[in-house]
Structure formats: C-alpha cells, structure tokens
1. Here are the criteria: (1) part of a helix (DSSP H, G or I); (2) out of contact with any helix residue (DSSP H, G or I) (no Cβ under 8 Å at 6 or more places or on another chain). Tell me which single one residue 458 does not satisfy.
2. Restricting to segment 71-99, name every residue that is under 28 Å from residue 199 (Cα atoms) and assigned to a loop (DSSP other than H, G, I, E, B).
3. Can you name the number of the only condition in (1) without any contact (Cβ under 8 Å) to a residue 24 or more places away in the chain; (2) within 27 Å of residue 347 (Cβ to Cβ) that residue 203 fails?
4. State yes or no: is residue 109 farther than 27 Å from residue 353 by Cβ, at pLDDT 95 or above and in contact with a strand residue (DSSP E or B) (Cβ under 9 Å, 6 or more places away or on another chain)?
5. Report yes if residue 397 is closer than 20 Å to residue 318 by Cβ and surrounded by fewer than 13 Cβ atoms within 10 Å (Cβ to Cβ), otherwise no.
6. Which one of 508, 451, 479, 468 is under 40 Å from the mean Cα position of the chain (by Cα) and either more than 30 Å from residue 370 (Cα to Cα) or not in a helix (DSSP H, G or I) (or both)?
7. Tell me, yes or no, whether segment 474-483 has at least one residue that is out of contact with any helix residue (DSSP H, G or I) (no Cβ under 8 Å at 6 or more places or on another chain), farther than 24 Å from residue 318 by Cβ and not assigned by TED's automatic domain parsing to the domain that holds residue 325.
8. Within the group 53, 15, 39, 68, which residue is in a loop (DSSP other than H, G, I, E, B), within 27 Å of the chain's Cα centre (by Cα), at pLDDT 95 or above and surrounded by 19 or more Cβ atoms within 10 Å (Cβ to Cβ)?
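The values are calculated or read from the model by the stated rules, or taken from the named source; none is laboratory data. Please read these numbers as outputs of a predicted model, since none were measured by experiment. All Cβ positions, glycine included, derive from the backbone under ideal geometry; neighbour counts span all protein chains shown.
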C-alpha cells in the first residue's frame with residue numbers, strides 16, 4: 001500500500017507515484033502509472049508503447065521489466081504474472097526488505113540509502129562529486145555523433161520517466177568509456193554492445209514481455225547451473241548493495257537473472273527538477289571480464305566458434321548476420337529464442353536490437369524484425385533447419401557473386417571499356433554504384449528465403465531459378481542506370497557500354513559461370529529450343 005508519510009529525502013517513488021507514461025493498445029490514449037500498475041497493464045497486454053522512450057532504450061527497458069518481473073514472481077512462488085497492481089506492489093517491496101519505506105524504488109533518496117539503480121555510498125559526500133548533469137540525456141549511454149543525429153544535453157525539461165529510461169539505459173547497457181568508467185558484464189568487452197535477440201509474438205509490448213517473463217521463470221535454474229550462479233541466495237538487484245567503487249562482485253554471488261549497474265550515479269532534486277551527480281570507480285561492479293559477455297543473458301547469442309557473446313558491428317543486423325541468427329548453427333541462442341511451445345497459428349518474428357558502440361563513439365542504433373510463419377517455424381524447429389540454412393547460404397553466395405560481377409562490369413564502364421585502366425578512384429566509384437544493389441537484396445532477402453524454404457521439394461528448384469533471374473535483372477538495371485555516369489564522348493560511350501555488358505553477360509553464360517544454377521537453366525532452354533529451330537529450318 002502507498003506510504004502516507006514517506007521517509008525524509010525520498011522523492012519520486014515508482015511504487016506509489018504515477019511517473020511512467022505509456023499509451024494503450026485500444027485507442028492510443030496516454031496513461032501515467034506507477035511501476036506496479038505498469039506491470040499489471042503489461043500482464044493484461046494493454047500497453048502499446050512509451051512515448052518518452054528513445055529507440056536505443058527499447059531493449060534495456062524491456063529486459064529490465066522482464067527480469068524484474070521474473071525475479072519478483074520467483075521470490076513469491078508465483079508462475080503467472082499478476083494482473084492487479086497491489087500484488088506487484090507487495091512483491092516488489094518484498095525484494096527490498098531492508099528498505100520497507102520504498103527507498104530502493106525512488107529516483108531520489110539519501111546517499112547512504114539505495115535509490116532505484118543507484119547503489120548507496122555511505123560515508124561519501126555526493127556533493128563533492130565533480131560531474132554534475134542537468135539533462136536526462138547527458139546521463140544516457142550514448143556518445144552523440146553524426147551517425148545518430150542526436151545532440152547531447154537537450155532534455156533540460158525532462159520528466160521523471162525521461163530520467164528513469166536514461167538511468168536504465170546507462171546502468172544496463174553501457175560499456176567502457178575511459179578510466180574509471182567501466183561497462184556492464186553482459187557484453188563482450190568494453191566497446192561491444194548488449195544485443196536484444198529473440199523470437200517474439202507479433203503484437204504490443206505486453207505479448208513479448210509476458211512470453212519472456214515466463215521463459216525466464218522456466219529457465220532460471222538452468223541458466224544458474226550453466227553459468228555457476230547462486231541459484232537460491234544470489235544478489236538480484238545489485239543497486240541494493242553499497243559500493244565505494246573499489247570492489248567487484250563475483251559472478252558466483254549473483255542471481256541467474258541479476259539486474260546490474262555499472263556506474264556510481266545519484267539523482268538529486270533541485271526543487272521539482274531532477275539532476276544527477278556521477279563519479280568514477282576503480283573497478284567494474286561485476287567481475288566478469290573473463291566471461292567474454294557469456295552471462296546467461298536471455299537475449300544474447302553466443303558465437304560458438306570463438307566462445308564470445310555477439311558483438312554487433314556498425315553494419316547492424318544486415319541480412320548475412322540475420323540469416324545466421326535465424327537459420328545457422330554458428331550461434332548458441334539465449335533463452336528468449338524459442339520456436340516451440342507457441343500456439344499453432346501464432347504470428348512470430350525474429351527481433352534483433354542493439355545500440356552499437358565503438359571507441360569513444362556510437363555507431364548507430366540498429367533494429368530489425370523478420371516474420372516467421374508457422375510453416376517456416378516448424379522447419380526451423382526440426383531437422384529441416386539444416387536445409388533452410390543451406391538455402392540461405394546459397395542465396396548469400398549468389399548475391400555476393402553477382403555483386404562482384406556487377407562491380408567488375410562497372411569498373412570496365414568507368415575505365416572507358418578497358419578493365420586494365422582501373423585505378424583506386426574507378427574502383428571506389430564502382431563500389432558506390434554497386435552498393436545499392438546489395439542493399440536492395442538485403443531488404444527483400446527474407447521474403448524470398450521464406451518462399452523457397454516453405455515450398456514443396458518439387459517446386460523449390462523453379463522458385464530458385466526464378467529468384468536468380470530476378471537477381472540478374474536487378475543487377476543489370478543498376479549497370480544500365482550507371483551508363484549516364486560513364487564516358488561522355490560518343491565513341492567511348494559506345495565502347496564502354498558494350499564492354500561492360502559483354503563482361504556482365506559473358507560471366508553469366510561463359511565456361512565458368514558465376515551462377516552455375518542459372519547457367520544450367522540457360523543451357524537447358526537452348527537445348528529445348530534447338531529441335532524447334534531445326535524443324536523450322538527444314539520447313
């Protein structure tokens with residue numbers, strides 16, 4: 001129940017105050033609720049989105065809500081999420097028995113007490129911390145850059161949930177940022193990212209949240225045994241523990257679903273406005289450097305070849321990586337990857353999210369969703385997955401071969417018909433013109449893959465040839481569109497275009513064709529046409 005007389009120094013209590021803005025599924029109406037009421041609304045699947053949530057904050061916020069709910073349900077011996085806020089209120093408060101007044105769920109609390117995602121710092125004067133932040137986005141994990149088109153320190157009129165989302169983003173997905181600024185344990189190295197990869201139902205926030213909560217409850221013991229966590233007695237909410245910045249927590253002391261923090265930060269109140277003070281630490285909060293990001297995180301795939309958590313590059317979730325995630329055996333998926341246990345007609349999707357970090361920079365927020373039909377799901381979940389993976393590999397190889405052929409044809413075009421006259425400038429120009437071809441294939445890759453993967457065995461070869469023919473047509477269209485950027489004089493223009501087209505078609509139909517399946521189809525067409533032509537000649 002709400003506290004009538006809050007303890008001195010406690011402000012913005014998420015257990016009792018309506019601080020979190022969200023919109024409902026039905027009509028998009030704006031609501032404001034406490035954290036327990038939000039969890040009840042998620043359980044009822046009435047939450048459409050959060051208007052104050054920035055794109056790169058989506059996964060950490062989802063993961064925080066799912067982990068928190070699963071921890072609370074497990075400690076209460078409950079297997080289904082509650083739909084009443086009072087139940088959530090009691091369960092969350094029970095997670096912080098040393099703070100019965102709700103201090104650990106407040107955005108602002110005395111520095112010797114825990115506040116939400118802010119460890120207590122007894123014996124320290126927070127007022128002496130030099131780094132003072134006045135805007136919520138200053139607190140966030142982003143290093144602003146041209147890639148993001150975001151400028152720092154703009155959110156001076158921030159609401160409490162702006163600070164809440166920034167705090168969750170900082171403490172649960174930040175990496176290394178110079179001496180004294182350590183990152184989280186749930187990523188492979190200080191310049192990596194915490195990915196959010198899983199299979200989720202198509203729908204609003206609550207559907208995915210509920211599915212992940214139930215998966216976490218079902219898998220927590222297995223995660224604990226695999227990773228060596230303290231299944232029964234581990235620390236779950238790491239902000240409850242005092243931290244002077246010099247000591248690290250051993251992995252073996254943690255709960256399998258632990259919600260971590262990585263920075264020493266305290267929010268502060270100036271009248272009715274929030275601010276923050278931040279200081280460094282001499283050690284990471286969790287001693288997990290030797291883990292390479294392998295912590296049993298439900299949304300983090302592990303590369304089986306090198307034994308490291310997935311680190312997304314600046315290219316984001318391009319089709320080759322997504323194909324590996326969807327069909328390949330390269331990655332060991334986290335608990336949130338589940339293809340069985342769904343209703344037969346469930347509409348599912350592969351969800352992949354990551355804020356990509358570099359050394360002192362941000363390389364963009366990346367998110368991609370790929371539909372998984374019931375038929376494709378059944379094939380991916382069984383022995384036919386290997387065949388689907390093979391189809392994906394063949395298509396990736398075909399795109400690569402045709403992109404290379406397109407590039408070499410463009411080089412001939414821009415070299416006035418003479419491939420030997422190539423230089424770096426011509427090579428770069430050819431690359432710029434060839435790039436949109438691969439980008440286009442990236443966008444349509446999974447729709448075509450699903451068609452072939454779901455087809456009956458007898459129909460698959462024809463579908464593959466049809467796709468290859470379309471691939472060639474699209475590449476040739478790019479080549480022809482580049483004609484205007486080729487040589488200008490009439491004589492050179494004719495020679496360059498003819499040479500480029502000759503290179504392109506010769507490689508498709510020559511002795512060593514770049515697409516053997518398509519060349520075989522062309523040869524069969526010629527053989528089929530030969531008797532007809534011969535009969536016409538005799539007539």
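1. For residue 458, the exception is condition (1).
2. If the condition is that a residue be under 28 Å from residue 199 (Cα atoms) and assigned to a loop (DSSP other than H, G, I, E, B), then 76, 77, 78, 79, 80, 81, 82, 83, 84 are the ones that fit.
3. (1)
4. yes
5. Considered against the rule, which asks whether it is closer than 20 Å to residue 318 by Cβ and surrounded by fewer than 13 Cβ atoms within 10 Å (Cβ to Cβ), residue 397 comes out as yes.
6. On inspection, the qualifying residue turns out to be 508.
7. yes
8. 53 is the lone residue from the list that is in a loop (DSSP other than H, G, I, E, B), within 27 Å of the chain's Cα centre (by Cα), at pLDDT 95 or above and surrounded by 19 or more Cβ atoms within 10 Å (Cβ to Cβ).
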